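The next block holds one structure in the form of structure tokens; read it before the comments.
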Amino acid sequence: MSQLQREPASDENIPETKLVCGVDEMTSENPKVEAPSNAEKDPDTWTTGGEPMTGAQASYLQTLCEETDHPFDPELNKADASKLIDELQGKSKRLKDAS
């Protein structure tokens, strides 16, 4: 991953910063805490959504599939795996009991 460089906002006396990468300006003092999670983004719009699911997705999805008697498909892409994870989380007895 490449690091993003920050430059001061137009007024040097203001502690806000903006990212220099051609993307939206970030004016929050702690963007990692306030950034939207992947759950808030539509997986169908992910630029990497068509890639094979990650190892972490596969592991978690396999657990959820076992808990919900849903067949596990190791060929899912990232976007489809994410959508199925969201669906199965709502059906998992373990997760329902935990809330």
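The local environment of LYS41, defined by Cβ-Cβ distances under 13 Å, has a net charge of -2 under the rule Lys, Arg +1 and Asp, Glu -1. Here the dipole of segment 52-99 is about 200 debye; that uses its Cα centre as origin and unit charges on the Cβ of Lys and Arg (positive) and Asp and Glu (negative). Positive contributions from Lys and Arg (+1) and negative ones from Asp and Glu (-1), summed over other residues with Cβ under 13 Å from the Cβ of THR54, come out at -1.
Every number in this text was worked out from the coordinates using simple rules, so none of it is lab data. Treat the numbers as computed from the prediction; the structure is a model and nothing was measured. No Cβ is skipped: glycine too gets one built from the backbone with ideal geometry, and neighbour counts run over all protein chains shown.
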